[in-house]
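Beneath this line is the structure, given in C-alpha cells, with notes to follow.
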Amino acid sequence: MKNILVIGFVLLALSCSKPKNDTVRVAGSTTVLPVISVAAERYMKLHPDSRIIVNAGGSGVGVNQVGSQQIEIGMISRDITQKELEQYPETSFQIHAIGRDAVVPVVSSELYNAGITSLTLEQIAKIYRGEISNWKELNGPDKDILVIDKEASRGTRHVFMEIVLGDKEAVAQGADLVLGANNEEQTALTQSDAALGILSNAWLNDDVKGISILMPDGSIVEPTLENIINNKFPITRDLVLVTNGTPTGQTKTFIDFIMSPEGQEIVKQNGYVSISK
Amino acid sequence: MLVFQNKIGKGYVLASTYLCIAVTLLIFLILFWNSYPALSTVGFDLFTMTWNPAKDQFGVLSMLFGTLAVTAIALLIAVPLGILTAIFTSEILPNRYRLYVKSAIELLAGIPSIIYGLIGIALVSPWIATLFELSSGRTLVTAGILLAVMILPTIITLTDDALHNIPQQYRETSKGLGLYPFEIIQKTLVPIAKRNIAGAVLLALGRALGETMAVMLLVGSIDKIPEPFYNLLSPGQTITSKLGREVGESAFGSLHFSALNAIGFLLLLLVITLTIGTQVYMRKGIRTV
C-alpha cells in the first residue's frame, strides 16, 4: 500500500515538471487554426526536437493568453481592441499577417437552392437587427429566419459586425442562437433549413453556402479568392499571429516557416489567400 | 509500531479533512474577492436583462431564468422516472439481478458530459426540431432532457439504497397485515424512505445546476428570456453555459472577468444553500427505531 503511494507521488512529481523551454504554445482563432495545425505538423517533422502545441478558443482567447503570457503565439482574425491593449500594459503585442480571408454571410443549402443567393449589406443588417424575420420578405420560402450570431469576442464577428452593423461590438437584437467556433456554426447551419450565419470563407461547403453581396451599384460580388485578392468583396480581413515582442528562438523559426513559400502553400490549400501573392 | 502507525493514520485523515475544508473556503473567498469589483460597480443592475461586456452591462436575469428552467425540466422528467426505476430495482427485481442492473445504471453516471453534449447535438436536437417543427433544436427543453438523463443515475442509486436499507421486518409485517405488494411499497416503504428520497433529488438538483458542457452545446447560448416566458422550446442561456463560453476570452482582472466570477458566485450560493438544505433535511430524516 505504501509502495503504491510512493510511486504515485513520484509520478505526480514527474508529471509536474516544466515543459521544455523550446515548446511553442499556440492558441486562438478557429479561422486561423486549420493553417497553423497543418503547419505545426510539417514543422515538427522538419525539426524533430521541437514541440508545438496548438489549441482553439477564438481570437479573444488568443489575445488574452498572449497578454497574460501563457502562450507564445496567439492566432487572431481581427484587430486587437483598444480595451485589450489597455488590459495588458506590460505586453508589447506584435502582429504578423500570414494570409487574407473573407467573412461571408452563409445560408443553409435549402435556402440557397430556393433562390437566396445574394443579399445587400442593408438586408443582412436588417436581419441581424431583427427587422426582417421571415425569408418571405426576401423572396424566399415562407420560413422564419434562424439568425445565428457568434460569441462577442470572436474575430469573425468583429469583422462582420464592423461592416454590417457599423460597430464591431454591436448587439444583434434579431439573433436566435449564439455559437462559438466555425465548426459549431457549420453544424448548426447544416442542421437547419432556414438559417443565416457568419463563416470564414474557408469553412464553406456544399451544406453551408456562402452568398454573394449585392452592392449598391447593382453588381453582385461573389466570395471568390479573386474578389478577396483584389479587395472587391466588402468583408475581408487579415489572418494574424500575435506575439509578445519580437519573436525569438523556436517561435521565430516557426513564424518564418509559415511565411516561407512552403508555409504560404498551406495557407492556400486551406482556402485562404496567401499574402506573398 | 502500532501506535506510530495509528498516529500517521490519524494525521492523514485530519490533514485530508482540513484540506477539503480549506479548498472549499478558498474557492468561496476567491470567487467573492474576484467578483467584488463587478458587484460594487454594477450593483443591483446585475438583475437586469442586458449582458454586454463592451459597454460594461452585466445583467444576469436571462441566465438565472435559463438555469432554473433547465433544472426544472430535468427534475420534472428525472424524478418520477428515477423513483419508479428505483422501486423496481429494489423491490420487484430478484436480488441476483439487482446488482447487474444497478451497475449498468451507475455506468451512466460515469459517461463524460461532453459525450452527452455530442449525442445531444447529433441526435436529440434534430429530433426536437422535427418533432415540434422548430427552426432550431437548440432549446431549453433539449438541454433539460439531456440533463434529466445525466441526473437519473444519482436519483436511482440513492433511492434504491434508501428503499433497500429498510429492514425486512417492515415488509413482513405489512404482508402479515394483508397488504398487497403495491400497497406495501406505497403505504409502508416509500413513506419510510421519503426523506432519503428527497435527499437524492436535492443532490441531483445540485448536479443539474452545475452541469456545463452538455448544456452549453445544446441550450443556444443567447441571453434572452423566451417570449412568452413559458415557451421553453426556445433557446436560452444558463449561468454555466455563459461561464463556459466567455471565461476564456475575458481578460484576467477586467470588469468582464469579475462579472463572470460574480455569476459563478451566484451559482455557488445557490448550490451551497441547496446542499445545506439537503443535509438539514436528511438529518431530520434519520429514523429512530
### Query
Among the residues of the stretch A:158-182 satisfying the criterion of being assigned to a helix (DSSP H, G or I) and free of Cβ contacts under 8 Å to residues at least 60 places away in the same chain, which is farthest from the other protein chains (Cβ to nearest Cβ)?
A:E162
### Query
Exactly one of (1) touching a residue at least 12 places away in the same chain (Cβ under 8 Å); (2) part of a helix (DSSP H, G or I) is unmet by B:A104. Its number?
(1)
### Task
Tell me, please, whether a residue that is of a type in the set (F, W, Y), open to solvent by 30 Å² or more (accessible area, probe 1.4 Å) and in a loop (DSSP other than H, G, I, E, B) can be found in the stretch B:181-198.
no
### Query
Pairs under 9 Å by beta carbon, first residue in a helix (DSSP H, G or I) in the stretch B:40-56, partner acidic (D, E), six or more apart or different chains?
B:T41/B:D56; B:V42/B:D56; B:P53/A:E169; B:P53/B:E246; B:A54/A:D167; B:A54/A:E169; B:K55/A:E169
### Query
Which members of the stretch A:89-118 meet the condition of being over 22 Å from the mean Cα position of the chain (by Cα) and not assigned by TED's automatic domain parsing to the domain that holds A:L138?
A:P89, A:E90, A:T91, A:S92
### Query
Of everything in the stretch B:249-277 that's of a type outside the set (A, V, I, L, M, F, W, C) and under 22 Å from A:A172 (Cα atoms), which residue is modelled with the highest pLDDT?
B:H256
### Query
Out of curiosity, is A:V147 free of Cβ contacts under 8 Å to residues at least 24 places away in the same chain and open to solvent by less than 20 Å² (accessible area, probe 1.4 Å)?
no
### Task
Among what's in the stretch A:128-157 and is touching a Ser or Thr at 6+ places or on another chain (Cβ under 8 Å) and in a helix (DSSP H, G or I), pick the residue that is farthest from A:G115 (Cα to Cα).
A:G155
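Matching residues to (1) part of a strand (DSSP E or B); (2) open to solvent by 60 Å² or more (accessible area, probe 1.4 Å); (3) modelled with pLDDT of 90 or more; (4) under 25 Å from A:V267 (Cα atoms):
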site: A:D79; (1), (2), (3), (4): no, yes, no, yes
site: A:E84; (1), (2), (3), (4): no, no, no, no
site: A:A97; (1), (2), (3), (4): yes, no, yes, yes
site: A:V103; (1), (2), (3), (4): yes, no, yes, yes
site: A:V106; (1), (2), (3), (4): yes, no, yes, yes
site: A:L111; (1), (2), (3), (4): no, no, yes, no
### Task
Check A:S153 against each of (1) within 14 Å of another protein chain (Cβ to nearest Cβ); (2) surrounded by 24 or more Cβ atoms within 10 Å (Cβ to Cβ); (3) modelled with pLDDT of 90 or more and name the one condition it does not meet.
(3)
### Query
Applying the selection to the stretch A:43-77, what residues are of a type outside the set (A, V, I, L, M), within 12 Å of chain B (Cβ to nearest Cβ) and assigned to a helix (DSSP H, G or I)?
A:S59, A:G60, A:G62, A:N64, A:Q65, A:G67
### Task
Output the residue which, of all residues in the stretch B:29-64 that are touching a helix residue (DSSP H, G or I) at 6+ places or on another chain (Cβ under 6 Å) and open to solvent by less than 30 Å² (accessible area, probe 1.4 Å), is farthest from the other protein chains (Cβ to nearest Cβ).
B:S35
### Query
Applying the selection to the stretch A:86-95, what residues are among the β-branched types (V, I, T) and open to solvent by 70 Å² or more (accessible area, probe 1.4 Å)?
A:I95
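The values are calculated or read from the model by the stated rules, or taken from the named source; none is laboratory data. These numbers come from a predicted model, not from an experiment. Cβ atoms come from the backbone with ideal geometry, glycine included; neighbour counts cover every protein chain shown. The accessibility values were calculated without ligands, DNA or RNA, using every heavy atom of the protein model including side chains. Shrake-Rupley method; radii C 1.70, N 1.55, O 1.52, S 1.80 Å.
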